[in-house]
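Below: the structure, in structure tokens.
The values are calculated or read from the model by the stated rules, or taken from the named source; none is laboratory data. Keep in mind that what you see is a predicted model, and the values were worked out from it rather than measured. Positions of Cβ are backbone-derived with ideal geometry, glycine not excepted, and every protein chain shown enters the neighbour counts. When the accessible area is computed, the model is the full protein with side chains, heavy atoms only, and any ligands, DNA or RNA have been set aside. Shrake-Rupley method; radii C 1.70, N 1.55, O 1.52, S 1.80 Å.
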Amino acid sequence: MHIHIENDETATEALRLNSAYLRQALDAHRQLCGQFTLTENSDPTQTAAFLANCDILWAGRKLALDQFATPRLGWVQVMSAGVEQWLAHWRKGIALTNASGVHGEKGAEFILMAALMFNFAIPGFLQDQAQRLWRPTFGGCARGKTVVMLGVGGIGRAAAKLLTAQGYSVIGVTRSGQCDAEVARCIAIDELDSVLPQVDVLVSTLPLTPQTHRLFDRRRLALLPKRAGVVIVGRADVFDYQALREQLRAGDLAGAVLDVYPQEPLPVDDPLWHTPGVIMTPHCSLDDHSAYLDRCLELFIDNLVRYRSGQALRNQVDMQRGY
């Protein structure tokens with residue numbers, strides 16, 4: 001079998017897989033040593049020639065797969081958790097696996113930090129500091145407060161564990177209403193409206209699918225109490241950002257910690273920059289470049305063993321669900 005590595009020429013070196021490094025990983029594995037030929041490329045003008053002759057693709061950048069001839073291609077491993085841009089150009093008969101779970105540890109710590117920031121009124125204090133206002137707020141501990149976790153996949157599951165250990169009561173929200181995470185309870189998306197008035201912190205790790213697009217519209221955001229803080233580390237288009245901004249400006253929410261945006265980089269004239277209570281990070285809260293490539297490679301090696309023996313692949317995307 002032939003594996004082709006398609007790197008992003010604009011990516012940092014820490015996110016590029018070279019064939020020598022992959023060869024080393026393959027040779028260290030008894031079942032994989034000597035079983036594959038390898039190529040790598042970072043020149044988009046050469047991509048078509050490589051895809052025409054590969055059986056497996058490691059994709060370090062997004063590709064419109066239906067624009068290429070891929071007669072042998074059976075499986076694509078991507079380096080991202082979100083795959084909506086891939087699905088828009090997918091070709092039937094090819095397996096797709098994502099990097100879900102790779103972000104878990106760091107993402108969980110970021111979410112815990114954000115939840116605690118709301119508990120200690122940090123967004124409001126930062127706003128007061130900018131205006132040189134002295135307005136003490138004396139709140140309590142996190143224990144017993146309610147976090148609604150939209151999505152309990154790799155990131156949500158890890159975050160729920162840390163939040164539960166801190167004393168939060170975590171309500172998981174999934175499509176089926178079932179999960180194996182450490183949560184007080186899990187509900188289906190259809191039940192979401194009933195729990196929103198209880199929320200202290202709303203966290204979204206959701207992927208973007210036809211079902212999640214604008215899941216949090218103006219009506220649903222209005223169900224949140226004024227004490228609620230919002231944390232978004234999944235896809236931005238799950239939320240109506242204009243409605244969110246208006247609620248924050250009106251003082252109807254405690255604040256928002258945002259890592260993702262409808263347009264990235266966020267335009268310099270976007271009003272979100274100056275919205276009260278907003279803490280912004282530039283889409284970097286989940287990634288750990290010192291470990292990201294190796295964690296993706298670990299998943300890939302495990303899946304190579306599975307692929308050769310006809311076993312189910314880890315993180316295989318369900319084309320109907322979109323994740």
### Query
Counting only the backbone N, which residues of region 1-29 are under 17 Å from the spot 7 Å out from the Cα of A48 toward its beta-carbon?
none
### Task
Can you spot the aspartates and glutamates whose alpha carbon is less than 12 Å from K106's alpha carbon? Ignore those fewer than 8 places along the same chain.
D287, D288
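Around Q263, under 12 Å between beta carbons, what's the net of Lys plus Arg minus Asp minus Glu among the other residues?
Working: positive: none; negative: D237, E264, D269, D270.
Around Q263, the surrounding residues sum to -4.
Ranked highest first by average number of other Cβ atoms within 10 Å, how do 140-153, 58-71 line up? Present the calculation step by step, with values, prior to reporting the outcome.
Working: 140-153: 19.5, 58-71: 16.2.
The densest-packed peptide leads the list: 140-153, 58-71.
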### Task
Using θ = phi - 60° and the Karplus relation 6.51 cos²θ - 1.76 cosθ + 1.60, list the HN-Hα couplings for region 135-141 in order, rounded to whole Hz, with x at every Gly or Pro.
9, x, 10, 10, x, x, 7
### Task
Would you work out what percent of the accessible area of the chain, with all protein chains in place, is carbon or sulfur (probe 1.4 Å)?
50 percent
### Query
How many angstrom separate the Cα center of region 1-72 from the Cα center of region 275-293?
27 Å
### Reduced Cα scattering model of region 168-222, Debye log10 I(q)/I(0), q = 0.16, 0.17, 0.18 Å⁻¹
-0.49, -0.55, -0.63
### Query
Based on Cβ point charges of +1 for Lys and Arg and -1 for Asp and Glu, what charge dipole magnitude is obtained for the chain about its Cα centre, in debye rounded to the nearest 20?
740 debye
### Message
Using the alpha carbons of region 34-138, what is the convex hull volume per residue in cubic angstrom, as a whole number?
### Response
176 Å³
#### Entry: region 261-323 - Debye-derived log10 I(q)/I(0), Cα point model, q = 0.12 Å⁻¹
-0.59
#### Entry: Karplus-derived 3J(HN,Hα), 6.51/-1.76/1.60, for each residue of region 22-33, Hz, glycine and proline x
5, 4, 4, 5, 5, 5, 7, 10, 4, 7, 10, 4
#### Entry: Relative contact order %, region 126-250, counting alpha carbon pairs below 8 Å whose residues are six or more apart
21 percent
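Top to bottom by accessible area (1.4 Å), largest first, where do M1, M280 land?
Working: M1 105, M280 55 Å².
Result, largest first: M1, M280.
Considering all alpha-carbon pairs of region 1-56, what whole percent are spaced by more than 12 angstrom?
Values: 1017 of 1540 pairs.
That tail contains 66 percent of the Cα-Cα pairs.
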### Query
Which cross-chain or sequence-distant (5 or more) residues have an amide H under 5 Å from the amide H of A256, H modelled 1.01 Å from N in plane?
V230, V278, I279
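What does the highest-first list of 78-90, 258-270 look like by mean Cβ count within 10 Å? Display every interim value, and only then the final one.
Working: 78-90: 18.5, 258-270: 14.2.
Most protected by this proxy first, the peptides run 78-90, 258-270.
Relative contact order of the chain: what whole-number percent is it, with Cα pairs under 8 angstrom and at least 6 residues apart?
16 percent
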### Task
Taking every pair of alpha-carbon atoms in region 127-274, give the share separated by more than 26 Å as a whole percent.
26 percent
### Query
Once the piece of chain linking A28 and E298 is laid out straight, how much longer is it, given 0.36 nm per residue of separation minus the C-alpha distance between them?
96.0 nm
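To one decimal place, what orientation-averaged projected area in nm² is obtained for the convex hull of the Cα set of region 213-297?
Values: hull surface 25.8 nm².
Taking a quarter of the hull surface, the average projection is 6.5 nm².
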### Task
Starting from the eigenvalues of the Cα gyration tensor, five times each then square-rooted, give me the equivalent ellipsoid semi-axes of the chain, largest first, whole Å.
40, 20, 18
## Note on the structure
Protection proxy (average C-beta count within 10 Å per residue), highest first, orders 41-47, 155-161 as 155-161, 41-47
### Task
Could you do me a favour and compute the accessible area per residue for the chain, 1.4 Å probe, result in Å²?
48 Å²
### Task
For region 317-323, just list the computed ³J(HN,Hα) in residue order, Karplus coefficients 6.51, -1.76 and 1.60, θ = phi - 60°, integers in Hz, with x standing in for Gly and Pro.
6, 7, 5, 6, 7, x, 7
